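The structure under discussion appears below in the form of structure tokens.
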There are 2 protein chains.
Amino acid sequence: MLETTIEDIKDIQIPKVEDLRGNLAIVEGDSIPFEMKRVYYLYDVPSSAYRGGHAHRSLEQVMIALSGSFDVIFDDGKQKKTITLNKPDRGILIPPGIWREMVNFSSGAVCMVIASEVYDEEDYIRAYSEFQSLKNT
Amino acid sequence: MLETTIEDIKDIQIPKVEDLRGNLAIVEGDSIPFEMKRVYYLYDVPSSAYRGGHAHRSLEQVMIALSGSFDVIFDDGKQKKTITLNKPDRGILIPPGIWREMVNFSSGAVCMVIASEVYDEEDYIRAYSEFQSLKNT
């Protein structure tokens, strides 16, 4: 799975029901390609903050901006790609083996992530040098 | 399960990691009393809107205000209770057999719900008169 590249990062249109009384977006079953085991969300992020700075060995994730906006810099060891997330019905599927950094948080931004497994520190690659050697770059 | 009362509505403290770079709240494993099958979220809700107005036959849910605030009026057929949700680390466990209405949305409010089952229209009680007769009130 560490052979993944930024081409493997996919956009997911989250199904939604639009209504004058507000919009309802739903994640279940086939709308993401794995069974959800964990949901986590970042909030109260200062606009100058930098988050992320790691990759995963096997975890798959879908990241969604539920409120506000932020930029995610994806890096496969060879190429980088920046995506601005600012729509609650747009999910980004992040495969394992992709380094990610999150920057440029707007006031009130909320970043939700739905993950394929529960927390496992062993799954994290936290040193960029280790990431580079695993990606053979 | 339709013998539930508003006393069965429980507060859940969502585990979080506080950091100067923002707060991270995590829902997984034992932090909620069921396996998550569906995540949905309401956003772009006009401040005058009224949402909800239904109960479930067997679905369990945890509701969280991920951004902004709103009020939830819970009703077990005999008693009502209003809870203001405005903290991303506070979840409300809603058992089956509880009528709920959501009102008084702040600008930018996001209401996330984690549910124990995928969508099933048969599980909804959408008429208050049917709810009352099921609750023997």
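Between B:Asp123 and B:Asn86, 0.36 nm times their residue separation minus their Cα-Cα distance comes to what?
Taking 0.36 nm per residue and subtracting the Cα distance, the gain is 10.5 nm.
Which order do B:Asp89, B:Asp76, A:Asp120, A:Asp30 fall in if you start with the one that has the fewest other Cβ atoms within 10 Å?
Starting with the residue having the fewest Cβ neighbours, the order is A:Asp30, A:Asp120, B:Asp89, B:Asp76.
Taking 2.2 N^0.38 Å as the expected size of a compact globular protein, what ratio does the Cα radius of gyration of chain A give against it, to two decimals? Intermediate values should be presented prior to the final figure.
Numbers: Rg = 14.9 Å, N = 137, 2.2 N^0.38 = 14.3 Å.
This ratio for chain A stands at 1.05.
What three numbers, in Å, describe the spread of the alpha carbons of the protein assembly as shown along their principal axes, ordered from the longest?
69, 31, 31
At most 15 other Cβ atoms within 10 Å and a DSSP loop assignment: could you name the trypsin sites (Lys or Arg not before Pro) in segment B:66-127 that fit?
Qualifying residues, ordered by number: B:Lys78, B:Arg126.
Which distances, shortest first and in nm, link B:Ser58 to the matching position in the other copies, using label points set 7 Å out along Cα to C-beta?
Nearest first, the other copies' label points are 3.2 nm away.
Work from the charge dipole of chain B (Cβ charges, +1 for Lys and Arg, -1 for Asp and Glu, about the Cα centre) and give the residue of B:Pro33, B:Ile6, B:Val110 farthest towards its positive end.
Result: B:Val110.
Tell me, B:Ser116, B:Ser48 in order of fewest to most beta-carbon neighbours within 10 Å? Working shown, then result.
Working: B:Ser116 18, B:Ser48 9.
Going from least to most buried by this count: B:Ser48, B:Ser116.
About its Cα centre, how strong a charge dipole does chain A have in debye, to the nearest 20, once Lys and Arg get +1 and Asp and Glu get -1 at the Cβ?
Rounded to the nearest 20 debye, it is 400 debye.
Would you mind telling me which residue in B:Gly97, B:Gly22, B:Gly108 has the biggest mean-square fluctuation in a Gaussian network model of chain B, where springs connect alpha carbons within a distance under 10 angstrom?
In the Gaussian network model the winner is B:Gly22.
What average count of beta carbons from other chains do you get within 10 Å of the Cβ of residues in B:26-39?
For peptide B:26-39, the averaged partner shielding equals 5.
Please give, to one decimal in nm, the separation of the simple spin-label points placed at A:Glu3 and A:Asp71, each 7 Å out from Cα toward the Cβ.
3.2
Determine, for A:Glu101, A:Glu122, the number of other Cβ atoms within 10 Å of each Cβ, and report the residues in order from fewest to most.
Least to most surrounded, the residues fall as A:Glu122, A:Glu101.
Residue-wise, which Karplus ³J(HN,Hα) couplings in Hz belong to segment B:41-51, taking 6.51 cos²θ - 1.76 cosθ + 1.60, θ = phi - 60°, and x for glycine or proline?
8, 9, 8, 6, 8, x, 5, 8, 6, 10, 10
Show that you can apply the helix-only estimate: for chain B, add -39,500 (n - 2.57) for every DSSP H stretch of four or more residues, divide by all residues, and state [θ] at 222 nm to the nearest 500.
When only DSSP H runs of four or more count, the value is -1500 deg cm²/dmol.
Net charge near A:Ile64, counting Lys/Arg +1 and Asp/Glu -1 over other residues with Cβ under 10 Å of its Cβ?
Charge balance near A:Ile64 sits at +1.
Where in segment B:81-121 does the label zone of A:Arg21 land, with the point 7 angstrom along Cα→C-beta and an amide N cut-off under 12 Å?
Backbone N within reach: B:100-104.
Each value in this text was obtained by applying a stated rule to the coordinates, not by laboratory testing. No experiment lies behind these values; they were computed from the predicted model shown. Positions of Cβ are generated from backbone atoms using ideal geometry, with glycine treated the same way; all protein chains shown enter the neighbour counts.
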